[in-house]
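These notes concern the structure reproduced below.
Each reported figure results from applying straightforward, stated rules to the coordinates on display, with no laboratory input. Since we're looking at a predicted model, the values are computed, not measured. Positions of Cβ are generated from backbone atoms using ideal geometry, with glycine treated the same way; all protein chains shown enter the neighbour counts.
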Amino acid sequence: MAISESARPGTATRPASFAEAPDGERRRRPLRSYWPQYVAVAPFYILFLVFGLFPVVFSVVLSFTQWDGISKLKFVGLAQYAFLVQDPRFWTSVANTLIIWVISTLPMLFLALLMAFILHQNIRGKGFYRVAFFIPNVTSLVAVAVVFSSVFSDSFGLINNALTALGAANIPWLSSDWGIKVTIAVMVIWRYTGYNAIIYLAGLQSVPTDLYEAARVDGASSTQIFFRITIPLLRPVILFTLITSTIGGLSLFTEPQVLFGTGASASSAGGPGDAGLTIVLYQYVQAFFNFDFGYASAIAWALFVLSAVVAFINFRLLRDRDDAMGDRKVPMFQRRRAAARARSRAAESDAVSASRQTREEVRS
């Protein structure tokens, strides 16, 4: 049957009101049409400007001035930084901070990795252990400091009482240089090991299980699997925990402040011999004991530079080690993983071929 021209469907045309606007007009949409979006995000940016960006910029300005918080700012140029370089108490705080960071971070991350590896196994009550390991991280630091000051007390502490019962000499935990550093390091380890263990556990759960299966098929021991598969694949997680631990370790304040700073003077805030004086605690002393906010700001920026340098060194060391070891260890198991997959595909193909052959024989 022939179709008349009038019955044939014609080409649809868009109404004039729906016609596409030129590219220039579409790009020049008035800004007032976006006001709901701007209003929605405005509170965040206002709070960030007031409590984030402004203090950072103002601290930069303060580091070049002398200000007690009341009088007018007095510009002194680089005098604060010049005094910082020559200040022996500042360098004492730097040495204390680095020592406490080393003796706390390395054991903490090792214990966290060990705890995560244990929790990754098929053991009963894993949920309970996860909560128990994480509780110290959310415990009040003031309460922790009070408990640890009682445990490590020179005269009536739990540890010294145990040593006395065993016939050993007491250790001056809170009155000797290394005793103070070890006490603070133990507080840090106890508080943050569980937090890092949870992060490592999440990393372990993301490792493909077929890598472990391929390694076991090839006869790899548990130690080889741990050091040649688990550790290389956890390097990004280890780098993250190392950098965060570096930032936290170099910013250590609450532990020594609660142990020695409460009711102390500017000269005794770090404990006997300034053994517990950290960089942030020294900054706090300069700002709120000596009311020298300019010098405190200079210390803050010196801490920022130190943290950036240490974090960069950690990053380069792990990355260089990853580049040196990755080509030798991880790809070996990746090749075995690919071989295992190839064997699995070949077995599936053989099974399909055998099934087809059986059906053909039955039909014939």
Packing-wise, with mean Cβ within 10 Å as the measure, how do 60-70, 280-290 rank, highest first?
280-290, 60-70
Give me Trp35, Trp101, Trp301 ranked fewest to most by other Cβ atoms within 10 Å of their Cβ, as a rough exposure proxy.
Trp35, Trp301, Trp101
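Beyond 31 Å, how much of the Cα-Cα pair distribution for segment 88-341 remains, as a whole percent?
That fraction is 38 percent.
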Which ordering of Thr183, Thr193, Thr139 is given by a fewest-first count of other beta-carbon atoms within 10 Å?
Thr139, Thr193, Thr183
Per-residue Cβ contact counts at 10 Å, fewest first, order Leu53, Leu211, Leu166 as Leu166, Leu53, Leu211
Amide proton proximity set for Thr65, modelled H, under 5 Å, gap of 5+:
Val76
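Between Rg and the Kirkwood Rh of segment 216-277, both from Cα atoms, what is the Rg to Rh ratio?
1.40
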